[in-house]
Amino acid sequence: MKQLGHLQEYTLTLTTKAPVFVGSGVVYGKMDYIFDAVRKTVSFIDQTQFFQLLIDRDLIDKYESFILNKRSTENKRPTENEHPTDTIQYFLKNICKLDAKTINSLIVNRVSAADALDENHSLQKIQAFIRRADGRAYIPGSSLKGCLRTVLLTNMLLRDSNKAEPINIKQLESKYLHTLQITNKQSDMVNSIMRGISISDSEPIDEKSMILASKIDSLPDGFENRINVVRQCVAPETKITFRLTLDQNILSGANILTELREAIRAFDAFYIQEYNSYFAIKKEFEDLFRDDFIVLGGGSGFFAKNLIYPFYAPNHAKAVKTVSQSMQRSFKKHKHEKDIEYGISPHTFKITEFDRFAYPIGLCQVTIQ
């Protein structure tokens, strides 16, 4: 810890115990990457260089013709051992007749695809990880702060035995987080302790630590539903560092760091008992949940990001009924009427697979020093 006047600066380190995804909103299609089926890698194409090459080599007409033909046959799947002909790889090599050196000059970065893609059956769209202006992957401090805010509120709700319905997130924040008494109106954001907690964006993530991972829904009975989604993720066992700064001029000496550590442990115990325990796959993940952890990022599931379960605790059945009814209204085709029978809602554990190992997506060990 560094003391800089009224500022206390800590290093917060996340060690990914599973693939972690923080999306940018960008989606790569088959004309944006090259899949190497032998090395099991995906190489992303620099689109600016690609279109400049088309202009320099007078290939625009060939490209337009290729795209039109691709659209007319895009629903046709290649047969076994037949290479797809609607990819940028096929266009550059077979139509433009470019050599390997020229093709490699268009590559901006390369990631391990492991078993997320299959050349013959599933060259899918890839959801991209968020990146800085210079192209390097990172995790925004706002994403981590939002996660820790939920962790703090979960612990505060679990400690409160006198909670009044209905659930209203703004009222919950006012009650539990707006405790600084700077103004007489508790709902004013200026009263929130979160103003005294600052988290930097992470240090850039090494490109060698980026992978592709699939999306899988695991049911309580162990049945797995593989979703047609591939995400660019941070690989397991990657260390990601942030600066955590506490402003004691705002916090008035409050020991927020102790509160945060206690909240993480309370969240972890609650997550394992009230969520993990309802799924058969939990046995595969027992070793991953031994250290202090948080669940971060996209695709990591409803439970870790919502306050309904801690609000109704210890009445788990009421929380399940409330979530199930909400899910039935929002997702009519997903059979959430069965959630009561399963004892958990939503009735899916969000997992992923990388290099033939299953992981609970978004799981990170957290240390603060």
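So which residues in the stretch 309-332 are out of contact with any His (no Cβ under 9 Å at 6 or more places or on another chain), buried (at least 18 other Cβ atoms within 10 Å of the Cβ) and assigned to a helix (DSSP H, G or I), if there are any at all?
Of everything in the stretch 309-332, those that are out of contact with any His (no Cβ under 9 Å at 6 or more places or on another chain), buried (at least 18 other Cβ atoms within 10 Å of the Cβ) and assigned to a helix (DSSP H, G or I) turn out to be PRO310, PHE311, TYR312, ALA319, VAL320, THR322.
When SER200 is evaluated against the numbered criteria (1) within 29 Å of GLN273 (Cβ to Cβ); (2) hydroxyl-bearing (Ser, Thr, Tyr); (3) under 25 Å from the mean Cα position of the chain (by Cα), which criterion, by number, is the only one it fails?
(1)
Residues checked against (1) of a type in the set (Val, Ile, Thr); (2) assigned to a loop (DSSP other than H, G, I, E, B); (3) under 30 Å from GLY146 (Cβ atoms):
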{"site": "GLN3", "(1), (2), (3)": "no, no, yes"}
{"site": "THR11", "(1), (2), (3)": "yes, no, yes"}
{"site": "THR15", "(1), (2), (3)": "yes, no, yes"}
{"site": "SER24", "(1), (2), (3)": "no, no, yes"}
{"site": "PHE35", "(1), (2), (3)": "no, no, no"}
{"site": "ARG39", "(1), (2), (3)": "no, yes, no"}
{"site": "LEU53", "(1), (2), (3)": "no, no, no"}
{"site": "LYS62", "(1), (2), (3)": "no, no, no"}
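Suppose we keep only residues that are in contact (Cβ under 8 Å) with a residue 60 or more places away in the chain and crowded, with 16+ Cβ neighbours inside 10 Å within the stretch 258-273. Which one would you say is farthest from ALA313 (Cα to Cα)?
Among residues in the stretch 258-273 that are in contact (Cβ under 8 Å) with a residue 60 or more places away in the chain and crowded, with 16+ Cβ neighbours inside 10 Å, the one farthest from ALA313 (Cα to Cα) is LEU260.
Name every residue in the stretch 333-369 that is of a type outside the set (Asp, Glu) and either more than 30 Å from ALA116 (Cβ to Cβ) or part of a helix (DSSP H, G or I) (or both), in order of residue number.
Those that are of a type outside the set (Asp, Glu) and either more than 30 Å from ALA116 (Cβ to Cβ) or part of a helix (DSSP H, G or I) (or both): HIS336, LYS338, ILE340, TYR342, GLY343, ILE368, GLN369.
Which residues, counting only those in the stretch 134-149, are closer than 17 Å to THR179 by Cβ and either open to solvent by less than 30 Å² (accessible area, probe 1.4 Å) or in a loop (DSSP other than H, G, I, E, B) (or both)?
LEU148
What number of residues in the stretch 1-48 are farther than 24 Å from ARG356 by Cβ, touching a residue at least 24 places away in the same chain (Cβ under 8 Å) and among the polar types (S, T, N, Q)?
4
Name the residues in the stretch 180-235 that are aliphatic (A, V, I, L, M) and without any contact (Cβ under 8 Å) to a residue 24 or more places away in the chain, would you?
If the condition is that a residue be aliphatic (A, V, I, L, M) and without any contact (Cβ under 8 Å) to a residue 24 or more places away in the chain, then ILE182, MET189, VAL190, ILE227 are the ones that fit.
The values are calculated or read from the model by the stated rules, or taken from the named source; none is laboratory data. Remember, predicted model here, so these are calculated numbers, not experimental data. Because the Cβ atoms are built from the backbone with ideal geometry, glycine has one as well, and the counts that use them run over all protein chains shown. Surface accessibility is based on the protein's heavy atoms, side chains included, excluding ligands, DNA and RNA. Shrake-Rupley method; radii C 1.70, N 1.55, O 1.52, S 1.80 Å.
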